[in-house]
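One structure below.
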Amino acid sequence: MAKARRLVICVDNSGYEVSLERRKIYVSLPDAAASRKGLVRVVDESGEDYLFPQEKFVSATLPSSVRRAVLHAA
């Protein structure tokens, strides 16, 4: 079974300008250990997943059809 993915929007890319774009929607992968440390696992511009500070992102709540389209394109 595939891991549940969420969508997040980058609101601050300071310090990560090469890896993240502000106002862009990213796929976030579940990582309980990282979450306990204030981090979120995000698939960045390279297509790989890395840990970033949670405060750099907000959750993206999108209609189901839009969410599916974004996840399909990722």
> Taking His72 and the conditions (1) of a type outside the set (Phe, Trp, Tyr); (2) at negative phi; (3) at pLDDT 95 or above, which numbered condition does it fall short on, given that it satisfies the others?
Replying inline: (3)
> Restricting attention to region 56-67, does a residue exist that is in contact with a strand residue (DSSP E or B) (Cβ under 8 Å, 6 or more places away or on another chain) and in contact (Cβ under 8 Å) with a residue 60 or more places away in the chain?
Replying inline: yes
>> So, in region 38-64, exactly how many residues are part of a loop (DSSP other than H, G, I, E, B), exposed (fewer than 12 other Cβ atoms within 10 Å of the Cβ) and on the phi < 0 side of the Ramachandran plot?
In response: 4
> What number of residues in region 44-72 are of a type in the set (Gly, Ala, Ser) and under 23 Å from Tyr16 (Cα atoms)?
Replying inline: 4
> What about Ser19, is it assigned to a loop (DSSP other than H, G, I, E, B), modelled with pLDDT under 90, more than 9 Å from the chain's Cα centre (by Cα) and surrounded by 14 or more Cβ atoms within 10 Å (Cβ to Cβ)?
Replying inline: yes
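The values are calculated or read from the model by the stated rules, or taken from the named source; none is laboratory data. Nothing here was measured: the structure is a model prediction, and the numbers come from that model. Every residue, glycine among them, receives a Cβ derived from its backbone with ideal geometry; neighbour counts consider all protein chains shown.
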